[in-house]
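One structure is given below, encoded as structure tokens.
The values are calculated or read from the model by the stated rules, or taken from the named source; none is laboratory data. Quick caveat: nothing in here was measured; it's all calculated off a predicted structure. Reconstructed Cβ throughout: ideal geometry from the backbone, glycine too, with neighbour counts over all protein chains shown. Note: accessible area is taken over every heavy atom of the protein model, side chains too, but ligands, DNA and RNA are not part of it. Shrake-Rupley method; radii C 1.70, N 1.55, O 1.52, S 1.80 Å.
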Amino acid sequence: MSSLARVMAIIPVRDEAATIGAVVQRLQELGVGAIRVVDNGSSDASAALALAAGAEVVHEPRAGYGRACWTGLQHLPDPVRWILFCDGDGSDDLAAVAAWRPLMHGADLILGNRCATAAGRARLTPVQRFGNRLATTLIRLGWGHAYADLGPLRLIRREALEAMAMADRGFGWTIEMQVKAIEAGLRIVECGVHQHPRRGGRSKISGTLRGSVGAGLGILATVGRLYGRQLGLLP
């Protein structure tokens, strides 16, 4: 099988009926072997449209990005060796995933770096740019690794992810994964990606003040918990 045939894409969605079908179709065109959409409490037809497009659909009514990702990871098929996380709003540069295939032989975690391209940087809101800068600075100070982005598009080896025992169920999921990747000594690669305009739905983070503040506090709490654990102050 090709490398992408051993990949399962996990896509948390909430009210992204306008885009999820096209996202599923694009992943199928790229040869991604399995696609699992996690309906995180949608009030529209996101789940039905994802199913009609050929994705497996599971339901997680409890809100939380990390919770949706965690639910999507349960009961993985045996052939799956890699997990691809992406958004369902059509903003991710999915074409980049095909270019990642050669990197899968020598990497454990491949991250889409939106800050490395002019198109990617242009699409980031001021809130996203500030959050990225703060989070990556905290990681550099606490763990000595200089990440450039905390973007949603990421591909990770299944065994590596399972060993992380991910605990966050909110917006701290991405930063927890990147910190634990450093602690585990994973081979980490960041690759420049474009960022498309959001094609449907509303951002759960940058779309509202409440979402922005909640995400920021969640990320800070996750960093604090991980750093406390590193110092032996927390279990």
Inset, instruction - Mind telling me which of H194, H75, H59 comes out most flexible in a GNM of the chain, alpha-carbon contacts under 10 Å? - result: H75
Legend entry - Carbon + sulfur, % of accessible area of segment 40-119 - ligands and nucleic acids excluded, 1.4 Å: 59
Inset, instruction - Note down the magnitude of the dipole of segment 1-140 about its Cα centre, charges +1 on Lys and Arg C-beta and -1 on Asp and Glu C-beta and zero elsewhere, to the nearest 20 debye. - result: 620
Legend entry - Residue-normalised accessible area of segment 124-186, expressed per residue, 1.4 Å probe, Å²: 40
Inset, instruction - Just name one of A9, Y227, A55: the one whose Cα is farthest towards the positive end of the charge dipole of the chain (beta-carbon charges, Lys/Arg +1, Asp/Glu -1). - result: Y227
Inset, instruction - Hey, can you grab everything whose amide H is under 5 Å from the amide H of G170? Only 5+ residues off in sequence or another chain; H modelled, so Pro and N-termini drop out. - result: G66, R67
Legend entry - Residue (of L217, G41, A68) at the positive-pole extreme of the chain, dipole from beta-carbon charges: L217
Inset, instruction - Could you list the square roots of 5 times each eigenvalue of the Cα gyration tensor of the chain, that is, the equivalent ellipsoid semi-axes, sorted largest first and rounded to whole Å? - result: 25, 21, 18
Legend entry - Ratio Rg/Rh, restricted to segment 1-141 and using Cα atoms, in which Rh is the Kirkwood radius: 0.97
Legend entry - Ratio Rg/Rh, restricted to segment 18-73 and using Cα atoms, in which Rh is the Kirkwood radius: 0.96
Inset, instruction - Could you please report the charge total around Q74, scoring K, R as +1 and D, E as -1 over all other residues with beta-carbon less than 15 angstrom from its beta-carbon? - result: 0
Inset, instruction - Count the DSSP beta bridges whose two residues both fall in the chain, then state the antiparallel fraction as a percent rounded to the nearest 5. - result: 30
Legend entry - Computed [θ] at 222 nm, helices only, for the chain once each DSSP H run of length n ≥ 4 contributes -39500 (n - 2.57): -12000 deg cm²/dmol
Inset, instruction - Putting +1 on Lys and Arg Cβ atoms and -1 on Asp and Glu Cβ atoms, find which of C115, L161, W100 reaches farthest to the positive end of the dipole of segment 67-170. - result: C115
Inset, instruction - Specify the inter-centroid distance of segment 1-69 and segment 114-170, based on alpha-carbon positions, in whole Å. - result: 21
Legend entry - Net dipole in debye of the chain [+1 Lys, Arg Cβ; -1 Asp, Glu Cβ; about Cα centre; nearest 20]: 560
